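Below is one structure, written out as structure tokens, with a few remarks after it.
The values are calculated or read from the model by the stated rules, or taken from the named source; none is laboratory data. All values reported here derive from a predicted model rather than from experimental measurement. Heads up, the Cβs are rebuilt from the backbone with ideal geometry, glycines too, and the neighbour counts pull from every protein chain shown.
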């Protein structure tokens, strides 16, 4: 195994490990959630760049593996972005409902 194959393999393992560790990292707070979202974006970009590099050098298996990792990281990023937007909309609705409830009944 040469250096390029080793680097691609290690990148793939890092992406898989980070993805699998996500649910167990305790993302209960907004800052952790934002950090996880940013990590998924960065992993997706790195894996995509690695896939392009590997494909350009004729390493199709590595390119496919990295491309799959990039696609998965992109999906996780998008899911987290949507979840954040939904949570923000809910917080906004609750705040408006509380204001309405307080002004209406007092």
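What the table shows:
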item	result
Count of region 58-78 residues which are more than 11 Å from the chain's Cα centre (by Cα) and free of Cβ contacts under 8 Å to residues at least 24 places away in the same chain	7
Residue tally, condition at pLDDT below 90 and exposed (fewer than 13 other Cβ atoms within 10 Å of the Cβ), over region 26-56	6
Matching residues, region 13-24, being surrounded by 13 or more Cβ atoms within 10 Å (Cβ to Cβ) and modelled with pLDDT under 70	18, 19, 22
